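The values are calculated or read from the model by the stated rules, or taken from the named source; none is laboratory data. Being a predicted model, the structure only gives us computed values, none of them experimental. Here the Cβ positions follow ideal geometry from the backbone for every residue, glycine too, while neighbour counts run over all protein chains shown. Quick note on the areas: whole protein, heavy atoms, side chains included, nothing else; ligands and nucleic acids left out. Shrake-Rupley method; radii C 1.70, N 1.55, O 1.52, S 1.80 Å.
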Amino acid sequence: MSHGAAGRSVLVVSAARIHNAAGQTLLSQRRPTDSFPLHWEFPGGKLQPGETPEQALVRELKEELGITVLDPQPWYFVSHSYATFHLLMLIFQCSRFEGEPQAIEVHRFGWFSLEEMSRLTFPPADLPVLRIMGAAVAPVHSGSKRSYPPLPVHVDNND
C-alpha cells in the first residue's frame, strides 16, 4: 500500500470480469468476517510487492476460486475513497480460464445475469463497474441493509 497526497493509504487491487457462454458474470461473495461481510464482488485482490496487476489477478483467482485466467485484458478502473484508505481497482476482462470455480478463500461464488446482479449487495467501489456493464443499481452505503427474495442462481456453497 502506498500513501496518497492526503496521507491516506492507497490500496491497489486487480479484479476480473469473467463471463460464461450464457452471458453470466462470475462473482464471489466475501466471507462473514471480511470487511463488507457477505457482499458480492468481482473476484480478485491486492497486489503484492513486485507483482504486476496481471500477476496479482492470476494469483488471487487461483487462491480464491481455484481457476487460472489465461487472457487478462485491461478493461476498466475505479478510484474510490473509503474512510481509512483509497482504493484503486483495476478490472480485467477475462474470456478464458482453466479449472472449475470453487469457493476456496471466499464464502461462495455464483454466475449471475445483469438483472440478478442488480439485486445483490456490493461494496461501494464495485457500483461504477456494475453501472458501466448496464446493471440497474442504486447507490449503496456500507452498513446499509437490503432485503430481497432468494435469487434463482447457480451458487456453490462450500461449507
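Among the candidates L11, L27, which residue alone is farther than 20 Å from T84 by Cα, touching a strand residue (DSSP E or B) at 6+ places or on another chain (Cβ under 9 Å) and of a type outside the set (S, T, Y)? After applying the criteria, what remains is L27. If I ask for residues that are surrounded by fewer than 12 Cβ atoms within 10 Å (Cβ to Cβ) and under 14 Å from M133 (Cα atoms), which ones from segment 73-93 would you list? Passing the criteria: none in range.
Going by the conditions given, is A22 modelled with pLDDT under 95, out of contact with any strand residue (DSSP E or B) (no Cβ under 8 Å at 6 or more places or on another chain), among the aliphatic types (A, V, I, L, M) and open to solvent by 20 Å² or more (accessible area, probe 1.4 Å)? When the stated conditions are applied, A22 does not pass them. The residues listed here are R108, R119, R96, R131; of these, the one that is open to solvent by 50 Å² or more (accessible area, probe 1.4 Å), out of contact with any strand residue (DSSP E or B) (no Cβ under 8 Å at 6 or more places or on another chain), among the charged types (D, E, K, R) and touching a residue at least 24 places away in the same chain (Cβ under 8 Å) is R119.
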